[in-house]
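Written below as structure tokens is the structure these notes are about.
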Amino acid sequence: MKRPGLRRGASLSEIAQAVGVTEGTASRALNGYADISEATRRKVMDAASALNYQPLTSARRLARGTVETVGYILPRHAATQTDPFLSEMLEGISQTLATRDWDLLVTALGGTDDELKTYERLVNSGKVSGLVVARTLSDDPRITYLTDAGVPFVSHGRTRDPQGYAWLDVDNEKAAADAVAHLVELGHDRIAVVHAPLAYNFSRLRLEGYLAGLAEAGLPRRDDYIVESELGVESGQNAARRLLALKERPTAVICVTDLIAIGVMRGARSEGLAVGLDLSVIGYDGLPLGAFTDPPLTTMTQDVIGTGRRAAEVLLEILDGAPPHQFQEISHARLVRRASDGPPP
């Protein structure tokens, strides 16, 4: 089965090419996945043996060692007890790792810890084989460091330059534009947005989607209707007070996370407004707690637990030898209507 032109120690892509399957199929065959037929598995195994396949580069082997553990560093200002989005993400990651008897190591930053140095310290400790990166920045030094170091990882979210590494993301722009279109259909023409710090790539993209939605509807951009908030309920409440203090206050507010939206609803109630009647509010994430707010929160929803599961699947495939760049996946958020939106008063 030896073929001319293949060097000693063939790559996964060369094994796949020799057998006539995709790299993902070759990786799954080599690692015993049940969805691969016995005939395909045997062809891949024979090719790997004949071509002296080496499943891990030296950089990956150094990062992996013998530890069957994945690392997850909580983003700054995040805690699972106050951020249900991260809790759901971690649950999904853990579910997939459990199927392979792998562990998840979650590390929190100290009050003054440098996030990049925490990544370097965890990688150099040898305690993890790979990482799931949370809340990507538009220009993210963590991605640069992990890529340059050859450390296996997958990120939840893209950066401004999404090439050359594995990531899972939602179509942030379309979701925000869809929220605007929904409110316009209800009759709103004074629509505000509360976004997170724009260093976060998801926030930057959702703001761009909001502005594109306004343009599509023929509505003008109003800078006083664009307010920044930290990622928390209290900050969302403060943002609502700023918007509601305007002489011509908005009749609807789009929020880039559900937690911010819950804060906006609290701020509206503190000003004596009935959410869903006097002010429409739309969140983003589809967290289960949104169904139990007062009133229940209308939101652009995504499958957070499912995304966590998929992130772990992708990372395990990379650790098994699949090339990271083949895993770049976009999902779509959908509107779940509850009671926090309605026609303008």
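The values are calculated or read from the model by the stated rules, or taken from the named source; none is laboratory data. Source: prediction; values computed, not measured. Cβ placement follows ideal geometry from the backbone for every residue including glycine, while neighbour counts extend to all protein chains displayed. Keep in mind that these areas ignore ligands, DNA and RNA; they rest on the heavy atoms of the full protein, side chains included. Shrake-Rupley method; radii C 1.70, N 1.55, O 1.52, S 1.80 Å.
Things to note:
- Residue within segment 109-127 that is β-branched (Val, Ile, Thr) and in contact with a Phe, Trp or Tyr (Cβ under 8 Å, 6 or more places away or on another chain) present: no
- The single condition from (1) surrounded by fewer than 23 Cβ atoms within 10 Å (Cβ to Cβ); (2) in contact (Cβ under 8 Å) with a residue 40 or more places away in the chain; (3) over 21 Å from ALA177 (Cβ atoms); (4) of a type in the set (D, E, K, R) that GLU271 fails is (2).
- If the condition is being open to solvent by 10 Å² or more (accessible area, probe 1.4 Å) and in contact with a strand residue (DSSP E or B) (Cβ under 6 Å, 6 or more places away or on another chain), then segment 255-264 contributes only THR257.
- Boolean, PRO288 is touching a residue at least 12 places away in the same chain (Cβ under 8 Å) and either surrounded by fewer than 24 Cβ atoms within 10 Å (Cβ to Cβ) or under 30 Å from VAL133 (Cα atoms) (or both): yes
- Residue satisfying condition, being touching a residue at least 24 places away in the same chain (Cβ under 8 Å) and in contact with a His (Cβ under 6 Å, 6 or more places away or on another chain), within set SER229, SER235, SER203: SER203
- For segment 130-173, the set of residues classified as among the polar types (S, T, N, Q) and either in contact with a strand residue (DSSP E or B) (Cβ under 6 Å, 6 or more places away or on another chain) or in a loop (DSSP other than H, G, I, E, B) (or both) consists of THR136, SER138, SER155, THR159, GLN163, listed by residue number.
- Across segment 82-91, a minimum of one residue is classified as buried (at least 19 other Cβ atoms within 10 Å of the Cβ), part of a loop (DSSP other than H, G, I, E, B), modelled with pLDDT under 85 and of a type in the set (D, E, K, R).
- Conditions (1) open to solvent by 10 Å² or more (accessible area, probe 1.4 Å); (2) in contact with a Pro (Cβ under 8 Å, 6 or more places away or on another chain); number of the one not met by GLY150: (2)
- Residue in segment 200-221 that is aliphatic (A, V, I, L, M) and more than 29 Å from the chain's Cα centre (by Cα) present: yes
One line per residue, one yes/no per condition, for (1) modelled with pLDDT under 95; (2) within 19 Å of LEU137 (Cα to Cα); (3) buried (at least 19 other Cβ atoms within 10 Å of the Cβ):
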| residue | (1), (2), (3) |
| --- | --- |
| GLY164 | yes, yes, no |
| ARG190 | no, no, no |
| LEU211 | no, no, no |
| ARG221 | no, no, no |
| GLY232 | yes, yes, yes |
| LEU244 | no, no, yes |
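- Leading residue by the ranking (surrounded by the fewest Cβ atoms within 10 Å (Cβ to Cβ)) among those in segment 20-71 that are polar (S, T, N, Q), part of a helix (DSSP H, G or I) and at pLDDT 70 or above: SER49
- Among the residues making up segment 244-261, those that are among the aliphatic types (A, V, I, L, M) and assigned to a loop (DSSP other than H, G, I, E, B) are ALA245, LEU246, VAL256.
- Among the residues of segment 93-110, not a single one is crowded, with 20+ Cβ neighbours inside 10 Å, at pLDDT below 85 and in a helix (DSSP H, G or I).
- Top-ranked residue of segment 292-345 - restricted to ones that are open to solvent by 40 Å² or more (accessible area, probe 1.4 Å) and small (Gly, Ala, Ser), ranked as farthest from LEU183 (Cα to Cα): SER331
- Residue list for segment 200-226, filter: within 26 Å of ARG266 (Cα to Cα) and assigned to a loop (DSSP other than H, G, I, E, B): ARG221, ARG222
- Scanning segment 119-134 for residues that are within 15 Å of the chain's Cα centre (by Cα) and crowded, with 22+ Cβ neighbours inside 10 Å yields LEU131, VAL132, VAL133.
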